[in-house]
1. Restricting the search to the stretch 37-50, which residues are among the polar types (S, T, N, Q) and within 12 Å of the chain's Cα centre (by Cα)?
2. Go through the stretch 58-115 and count every residue that is more than 14 Å from the chain's Cα centre (by Cα) and hydrophobic (A, V, I, L, M, F, W, C).
3. Condition first: modelled with pLDDT of 95 or more, aliphatic (A, V, I, L, M) and either open to solvent by less than 20 Å² (accessible area, probe 1.4 Å) or within 10 Å of the chain's Cα centre (by Cα) (or both). Now tell me which residues in the stretch 3-36 satisfy that.
4. Given the options Asn23, Asn43, name the one that is over 15 Å from Arg71 (Cβ atoms) and not hydroxyl-bearing (Ser, Thr, Tyr).
5. If you go through the stretch 84-96 one residue at a time, do you hit one that is open to solvent by 70 Å² or more (accessible area, probe 1.4 Å) and small (Gly, Ala, Ser)?
6. Just to be sure before I move on: is Ser114 touching a Pro at 6+ places or on another chain (Cβ under 6 Å), modelled with pLDDT of 95 or more and open to solvent by less than 80 Å² (accessible area, probe 1.4 Å) in the structure I sent?
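The values are calculated or read from the model by the stated rules, or taken from the named source; none is laboratory data. Keep in mind that this is a model prediction, so the values were computed, not measured. Because the Cβ atoms are built from the backbone with ideal geometry, glycine has one as well, and the counts that use them run over all protein chains shown. Keep in mind that these areas ignore ligands, DNA and RNA; they rest on the heavy atoms of the full protein, side chains included. Shrake-Rupley method; radii C 1.70, N 1.55, O 1.52, S 1.80 Å.
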Amino acid sequence: QVQLVESGGGLVPTGGSLRLSCNATVPIASLATMAWYRQTPGNERELVASIIGVGTTHYADYVKGRANISRDDARRIVYLQMDNLKPDDTAVYYCNYRGVYGSAWGQGTQVTVSL
């Protein structure tokens, strides 16, 4: 069973940075797609960034140039580094796994960007 645990959220000022971490209980290299999503109240969960295979990455337009997704295969951790944060980035951020072990979501970590 896949379990994901996010950490690293918190309160940051506009223009600040955060690094979110997602610890997985299964291997995440090569055959898995790891992604970060975010959700605000009343809205659907939306993709922020993903990493797949040998390290191919994809970013939503609204974070391009401000975010970097990376993966530590040995430690089974996926990171999301976000810089130049804006109040619109305030949301609960979720880690997602899709791969040979199925699909799973983490419990989410709150990111709040103050004015």
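1. Gln39, Ser50
2. Of the residues in that region, 5 qualify.
3. Leu4, Val12, Leu20, Ala24, Met34, Ala35
4. The match here is Asn43.
5. Checked the stretch 84-96: no residue is open to solvent by 70 Å² or more (accessible area, probe 1.4 Å) and small (Gly, Ala, Ser).
6. yes
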